[in-house]
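Here is the structure we will look at, set down as structure tokens.
Where a number appears in this text, it was derived from the coordinates with a stated rule and is not lab data. All of these numbers come straight from a predicted model, not from anything done at the bench. Quick reminder, even Gly has a Cβ in these numbers, built from the backbone with ideal geometry, and neighbours come from all protein chains shown.
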Ligand SMILES: [Zn+2]
Ligand SMILES: [Zn+2]
């Protein structure tokens, strides 16, 4: 794929802040780093506050939501040369959809939401997607939950669909079949899927097929070229100095797999109109 498929504006739509408890820095720190790196559009997408404060060890409390919004609004005013978007990375669960729609996108005027599966239901329990996919039954339950997220029309894209590679180690028939199910759904539902730069910064792991990244999974993205899908490339920044971390490497991966980058510029043209 030629370089003219690269977005004209350098954008990163996946950025955390210290509020998720496993990232560093405030919104202004990321904005400063983004300007220095030549970024035109920076979208904040910290782990969404949830109305029932579930999974609090990796997200802000619901009482912090107003401060999060204010911090981004203040940064937007302080850095007029940068287009700053207000978003959140939202765990897939249809039970939260009214909150995502009415509260986040509605009342609070978020510019966009990312859908992500960090936990999925399996036999009445919530299983962690990074650590708990140790057999094909859990892999299938994970896959079904990712597809559930793709069916939700509130999300601009789905984060790291291949994160199952952290704990489902072999690339076998089941890994391929589940990957194909996710890719087919992304194509059918016109839902862009993310190649995640944070995974590229994590240590390589041992698997039955040798050492590899936990994610992004090269095998997954190789398969993706058989489907009519679009990708979103992000740094998934957890530190200001990684504001565009590994975006080049993820872009090279997309190019080597002949993948098309989604045009999400409607998110920031809409935000610019909203500021008028
Ligand atoms: Zn995530
Ligand atoms: Zn993230």
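Which distance in Å, rounded to a whole number, links the C-alpha centroids of the stretch 87-147 and the stretch 225-254?
First find each Cα centre; the distance between them is then 20 Å.
If you take every DSSP beta bridge fully contained in the chain, what fraction is antiparallel? Give it as a percent rounded to 5. Can you show the working numbers first?
Details: 7 of 31 bridges.
Looking only at bridges with both residues in the chain, the antiparallel portion is about 25 percent.
Hey, what did the stretch 130-276 get for relative contact order, percent, Cα under 8 Å, at least 6 apart? Let's see the in-between values first.
Working: 218 pairs, mean separation 32.8, N = 147.
Value for the stretch 130-276: 22 percent.
Once both axes come from the Cα atoms, what is the angle between helix 27-36 and the longest principal axis of the chain, in degrees from 0 to 90, rounded to 10?
Between helix and principal axis, roughly 80 degrees.
Please report the relative contact order for the chain, taking Cα pairs under 8 Å with a sequence separation of at least 6, and give it as a percent rounded to a whole number. Display every interim value, and only then the final one.
Working: 525 pairs, mean separation 53.0, N = 276.
Relative CO of the chain lands at 19 percent.
How far, in degrees from 0 to 90, does helix 173-188 lean away from the longest principal axis of the Cα atoms of the chain, to the nearest 10?
Tilt of helix 173-188: around 40 degrees.
Based on the Cβ-Cβ distance from residue 209 to residue 62, what FRET efficiency comes out when R0 is 51 Å, to the nearest 0.05? Can you show the working numbers first?
Working: r = 42 Å, r/R0 = 0.83.
Using R0 = 51 Å, I get an efficiency of 0.75.
What angle do you read, to the nearest 10 degrees and between 0 and 90, between the alpha-carbon axis of helix 247-256 and the longest principal axis of the chain?
Roughly 40 degrees, rounded to the nearest 10.
Which log10 I(q)/I(0) values, to two decimals, does the chain give at q = 0.12, 0.13, 0.15, 0.16 Å⁻¹ under the Debye formula with one point per Cα?
With no solvent term, the Cα-only Debye profile gives -0.70, -0.83, -1.13, -1.30.
For the residue pair residue 226 and residue 9, what label-to-label distance in nm results when each label sits 7 Å from Cα along the Cα-to-beta-carbon direction?
3.7 nm
Please give the calculated 222 nm ellipticity per residue for the chain, where each DSSP H segment of at least 4 residues contributes -39500 (n - 2.57) and the sum is spread over every residue; nearest 500 deg cm²/dmol? The partial results should precede the final answer.
Numbers: 8 runs with 87 residues, N = 276.
After summing the helix terms and dividing by residue count, I get -9500 deg cm²/dmol.
Using a Gaussian network model of the chain with C-alpha springs under 10 Å, which one of 162, 46, 228 is most mobile by mean-square fluctuation?
228
How many angstrom separate the Cα center of the stretch 152-175 from the Cα center of the stretch 1-72?
Each part's Cα centre sits 21 Å from the other's.
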